[in-house]
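Reviewing the structure listed below.
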Amino acid sequence: MTGLRLNLGCGERHFEGYINVDKYGNPDVKQDLEIFPWPWEDNSVSEILLIHVLEHLGQNSNTYLNIFKEMYRICERGAKIQIIVPHHRHDFFFDDPTHVRVVTPMGLSLFSQRLNRKWIEEKAANSPLGLYLGVNFELIETYYKPSSHWFDLHPEAEVDVQFLLSESTYYNNLIEQIEMVLEVVKEDIN
Ligand SMILES: C[S@@+](CC[C@H](N)C(=O)[O-])C[C@H]1O[C@@H](n2cnc3c(N)ncnc32)[C@H](O)[C@@H]1O
């Protein structure tokens, strides 16, 4: 893939080979990501990074949904979107007053038309956002980064992810951040 690579909400971390974008500082492109349309052509982007950014965007649900519509518009088929957010039950999430939105793997899965259709068939109540918005993203990777508190409790090197997840439904501060990758699903237009 030869499309553009965007580092959205880059802050002071500008990456070589990426168009670094932020509403503050001196990025390559100064853009408020809550203002639309974004200044990139349809199907022109092959990779997007949102590293500790998405939780700062879209306090208003319509704005949040428009961000997904805009990412879908500018991304080419098969483009990858890497999303890293603080875990919503870690104090890091609450420490920053500009954190306005919880982002979870399940929340991102609502943008999958494949799952939307399955849930409709099963008469599940999950919002079929992929179908409603005309976007289609598959969550292809999810990594839960254990916190230092987890390793204090469980110093053994090997992390049992299922145990980590079940413990984190009862206790706070066990998962520091969630790292996820979305793949953009589009019809082959060739
Ligand atoms: C926690 S920092 C992360 C910076 C960088 N990605 C990193 O990993 O170091 C969040 C960044 O998102 C940017 N940001 C927040 N809201 C934004 C918006 N509406 N449009 C563009 N950038 C925004 C902030 O200016 C800030 O640089």
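Across region 122-136, the number of residues qualifying as within 14 Å of THR104 (Cβ to Cβ) and either open to solvent by 60 Å² or more (accessible area, probe 1.4 Å) or not aliphatic (A, V, I, L, M) (or both) comes to 2.
Do the conditions hold for ARG101, that is, is it in contact with a Phe, Trp or Tyr (Cβ under 9 Å, 6 or more places away or on another chain) and in contact (Cβ under 8 Å) with a residue 24 or more places away in the chain? Against the criterion (in contact with a Phe, Trp or Tyr (Cβ under 9 Å, 6 or more places away or on another chain) and in contact (Cβ under 8 Å) with a residue 24 or more places away in the chain), ARG101 qualifies. Scan region 153-190 residue by residue and report those that are aliphatic (A, V, I, L, M) and closer than 30 Å to GLY130 by Cβ. If the condition is that a residue be aliphatic (A, V, I, L, M) and closer than 30 Å to GLY130 by Cβ, then VAL161, LEU164, LEU165, ILE175, ILE178, MET180, VAL181, LEU182, VAL184, VAL185, ILE189 are the ones that fit. Considering LYS80, LYS30, the condition of being basic (Lys, Arg) and free of Cβ contacts under 8 Å to residues at least 24 places away in the same chain is satisfied by LYS30 alone. Listed by position, the helices (runs of 4 or more DSSP H) enclosed by region 104-181 that each have at least 3 residues that are within 19 Å of the chain's Cα centre (by Cα) and of a type outside the set (Phe, Trp, Tyr) are 105-109, 113-121, 129-133. I need the full set of residues from region 151-185 which are surrounded by fewer than 18 Cβ atoms within 10 Å (Cβ to Cβ) and either of a type in the set (S, T, N, Q) or on the phi > 0 side of the Ramachandran plot (or both), in order please. Within region 151-185, GLN162, SER166, THR169, ASN172, ASN173 qualify. Going residue by residue through region 35-47, is there one that turns out to be within 10 Å of the ligand (Cβ to nearest atom), more than 15 Å from LEU182 (Cα to Cα) and among the acidic types (Asp, Glu)? Taking every residue of region 35-47 in turn, none turns out to be within 10 Å of the ligand (Cβ to nearest atom), more than 15 Å from LEU182 (Cα to Cα) and among the acidic types (Asp, Glu). Number of residues in region 43-67 that are free of Cβ contacts under 8 Å to residues at least 40 places away in the same chain and not in a helix (DSSP H, G or I) equals 1. Inspect region 68-87 for any residue being at pLDDT 95 or above, assigned to a loop (DSSP other than H, G, I, E, B) and either open to solvent by less than 40 Å² (accessible area, probe 1.4 Å) or out of contact with any helix residue (DSSP H, G or I) (no Cβ under 6 Å at 6 or more places or on another chain) (or both) and give the result as yes or no. Checked against the condition, which is being at pLDDT 95 or above, assigned to a loop (DSSP other than H, G, I, E, B) and either open to solvent by less than 40 Å² (accessible area, probe 1.4 Å) or out of contact with any helix residue (DSSP H, G or I) (no Cβ under 6 Å at 6 or more places or on another chain) (or both), region 68-87 yields at least one hit.
Condition check ((1) acidic (Asp, Glu); (2) surrounded by fewer than 21 Cβ atoms within 10 Å (Cβ to Cβ)) across all residues:
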{"site": "MET1", "(1), (2)": "no, yes"}
{"site": "ARG5", "(1), (2)": "no, yes"}
{"site": "ASP22", "(1), (2)": "yes, no"}
{"site": "ASP32", "(1), (2)": "yes, yes"}
{"site": "PRO37", "(1), (2)": "no, yes"}
{"site": "SER46", "(1), (2)": "no, yes"}
{"site": "HIS52", "(1), (2)": "no, yes"}
{"site": "GLU55", "(1), (2)": "yes, no"}
{"site": "GLN59", "(1), (2)": "no, yes"}
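For region 1-11, the criterion of being β-branched (Val, Ile, Thr) and either closer than 20 Å to THR98 by Cβ or near the ligand (Cβ under 10 Å from one of its atoms) (or both) is satisfied by no residue at all.
Please enumerate the residues belonging to region 2-34 that are hydrophobic (A, V, I, L, M, F, W, C) and assigned to a strand (DSSP E or B). Result: LEU4, LEU6, LEU8, ILE19, VAL21, VAL29.
The values are calculated or read from the model by the stated rules, or taken from the named source; none is laboratory data. Here the structure is a predicted model, which means the values were calculated and not measured. Neighbour counts are summed over all protein chains in view; Cβ atoms, including those assigned to glycine, are modelled from backbone coordinates with ideal geometry. With ligands, DNA and RNA removed, areas are computed over all heavy atoms of the protein, side chains included. Shrake-Rupley method; radii C 1.70, N 1.55, O 1.52, S 1.80 Å.
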